[in-house]
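Since the structure comes first, as structure tokens, the remarks are kept for the end.
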Amino acid sequence: MWRRLHRHTPPFGRSRGQSLVELALILPIFLILIAGAVDLGRLFYAYIAIVNASKEGALFGATTPQCGTQADCGDPMNVVWHVRTEAGGLKDAAGRTLTPTIACLGPGGAARGALTSCQDGDTYRVGLSFDFRLITPILGSILEHKLVLHSEADATVLNQPFDPIPGVSVTKEVWDPDKDAWVRTPTVDPKTGLPSNLEFHVGDTVKYRVTVRNSGGTSVSAISVVDDGVARWPPPGASCTNVGSLGVGARYRCEYRIGPLTKAEKDRRNTLTVTAGTLSPVVDVAVIDVLASPPRLEVSKSVGVYRAGPFTSELKVHSGAKVKPTVWYRLRVINTGGSRATGFTIRDSAGRLPTDADCPAPGSSLDPGHSWVCFYPDTLDRADTYRNTLTADSKETNQARDEADVEVDTCRSSELVVPNLVEDPSGDPRSVAEARTLWAGAGFSGPFNPASGFDSKDVTSQSRDPFECKSATTSVTVGHR
């Protein structure tokens with residue numbers, strides 16, 4: 001019997017590998033074709049956009065030739081705004097919006113010096129360029145990923161847009177120190193979208209800027225400015241003059257200051273009124289809020305040998321075996337601002353402040369114009385330099401501080417330390433009898449005057465300064481009452 005031999009062909013053999021190879025060869029070409037088609041569509045869109053934008057700019061400029069940029073006429077009444085709007089948001093490689101070239105060509109194609117010089121029948125020309133970037137790899141490498149598309153459109157200038165009637169526009173702005181820029185006020189709060197006035201405080205100085213522009217087609221003369229924020233124009237101290245007259249497109253600008261502000265008021269309005277010849281007055285208003293001045297803490301720490309003073313920021317005293325100096329510190333905090341300081345706190349390097357009658361509790365707030373004053377004694381038992389610091393703070397203010405320094409030294413071996421004969425360490429007055437005993441107890445042998453007859457009187461003064469160094473034979477005279 002004859003057997004028929006059949007060659008077995010695997011289900012996944014040579015034909016599948018051949019397909020993969022073919023796909024690998026075709027896929028890059030297919031992707032390049034797709035990318036090229038996308039680039040072609042993008043290129044066509046961009047070209048149509050800049051062609052339409054340049055035509056739109058030329059047509060608008062032909063009817064209002066003097067309004068080339070925003071500086072000439074505000075949005076949307078200028079050529080640049082119309083070009084960018086028609087271009088549909090196209091931006092250059094740096095992400096900037098497109099800026100057209102604008103020219104007015106007179107007879108023979110000669111460019112006129114200014115757009116305001118355009119005449120009936122001139123050619124208004126608007127050009128626009130756009131750097132188009134390719135995404136197709138091979139074409140992008142050949143063309144360095146960039147093609148420059150350019151369109152230029154012309155339109156004939158008409159006579160109708162020129163308005164022979166003069167006109168002025170005015171702007172009053174306020175300097176915003178937070179933004180470091182001139183702003184119109186009221187402004188718009190970016191969070192709420194509601195009008196918001198700039199805020200100043202009593203005592204601040206406000207800087208204003210006034211701008212007057214000839215927005216008409218002919219020169220304007222006899223221009224006068226009245227600003228109810230100043231007594232006369234130009235404002236005293238301002239480096240500007242009267243307006244006088246303005247040519248077509250000309251601008252007048254004046255900066256001046258008002259202050260210091262003396263009272264708190266909401267919606268403080270400063271009105272600017274400009275008149276020119278027979279023109280109707282043009283008005284602009286700047287509105288600000290004047291708040292009470294913020295709290296301001298002034299701190300003072302001083303030291304003296306007597307409870308009643310005098311006090312100073314630096315003091316030198318002496319200490320001995322029989323006399324230890326006692327000094328008095330005076331603490332004072334004053335709110336010199338125009339509103340209450342809340343969360344009021346006091347800290348002193350002496351630690352916890354005494355709470356006797358001479359040192360009241362600070363309280364949690366300090367009203368404007370009010371002060372907190374404290375006196376406390378400190379006995380210094382060793383030779384050293386003592387630096388004492390007082391710190392005051394609140395929620396609305398920065399930390400304020402002051403220091404008082406006491407230098408304690410020792411006397412030479414042949415000298416003694418003069419005691420405080422006027423008052424004891426608590427600040428109570430000494431009697432003449434107590435002072436005489438203290439003088440002798442300090443080791444002095446010199447005469448004490450008055451010697452007798454005034455024992456119950458209070459000592460009011462002493463001829464030798466407390467805590468000075470003197471010889472043992474030194475005399476002293478005390479005053480009494």
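Readers should treat all values here as calculations from the given coordinates under stated rules, not as data from a laboratory. Treat the numbers as computed from the prediction; the structure is a model and nothing was measured. Note that we place each Cβ from the backbone using ideal geometry, even for glycine, and neighbour counts take in every protein chain shown.
Residue separation of Arg401 and Gln119 scaled by 0.36 nm, minus their Cα-Cα distance, works out to 94.3 nm of gained length.
Would you mind calculating the gained length between Thr85 and Thr156 on full extension (0.36 nm times residue separation, minus the Cα-Cα distance), in nm to one decimal? It would help to have the intermediate numbers written out before the result.
Details: separation 71, 0.36 × 71 = 25.56 nm, distance 2.19 nm.
Full extension of this stretch gives 23.4 nm more.
Take every Cα pair under 8 Å whose residues are at least 6 apart in sequence, average their separation, divide by the length of the stretch 68-107, and the relative contact order is 28 percent.
I need the fraction of alpha carbon pairs in the stretch 187-256 separated by more than 22 Å, rounded to a whole percent.
Working: 1042 of 2415 pairs.
Within the stretch 187-256, distances greater than 22 Å cover 43 percent of Cα pairs.
For the ranges 55-65, 421-431, what's the packing order if you count other beta-carbon atoms within 10 Å of each residue, average per peptide, and put the highest first?
Values: 55-65: 22.8, 421-431: 16.5.
Result, highest mean Cβ count within 10 Å first: 55-65, 421-431.
The stretch 455-481 and the stretch 262-296 have Cα centres lying 67 Å from one another.
With a Förster radius of 30 Å applied to the C-beta separation of Ser431 and Ser471, the computed FRET efficiency comes to 0.70.
Based on the alpha-carbon gyration tensor of the stretch 57-126 and its eigenvalue square roots a ≥ b ≥ c, which shape applies: rounded if a/c is under 1.5, prolate if not and a/b is larger than b/c, or oblate? Since a/c reaches 1.5 and a/b is larger than b/c, the shape of the stretch 57-126 is classed as prolate. Relative to the current alpha-carbon distance between Thr192 and Asp409, full extension at 0.36 nm per residue lengthens the span by 71.5 nm. Kirkwood hydrodynamic radius computed over the chain comes to 32.6 Å, based on all pairs of distinct alpha carbons. Sequence-distant contacts, meaning Cα pairs under 8 Å at least 6 residues apart, place the relative contact order of the chain at 9 percent.
Taking a straight line from the alpha carbon of Lys301, these lysines sit under 28 Å away, with near neighbours fewer than eight places off in the same chain left out: Lys316, Lys324, Lys395.
Kyte-Doolittle mean at least -0.5 and Cα extent at least 20 Å along the axis: which DSSP H helices of the chain qualify? List each step's numbers first, then the result.
Working: long enough: 14-63 (74 Å, 1.05).
TM-like helix candidates: 14-63.
Within the shell of other residues whose beta carbon sits under 15 angstrom from the beta carbon of Asp409, the net charge comes to -3, with Lys and Arg scored +1 and Asp and Glu -1.
For the stretch 349-444, the percent of C-alpha pairs falling in each 5 Å distance bin, counted from 0 to the bin holding the largest distance, reads 2, 9, 14, 17, 16, 14, 10, 7, 5, 3, 2, 0.
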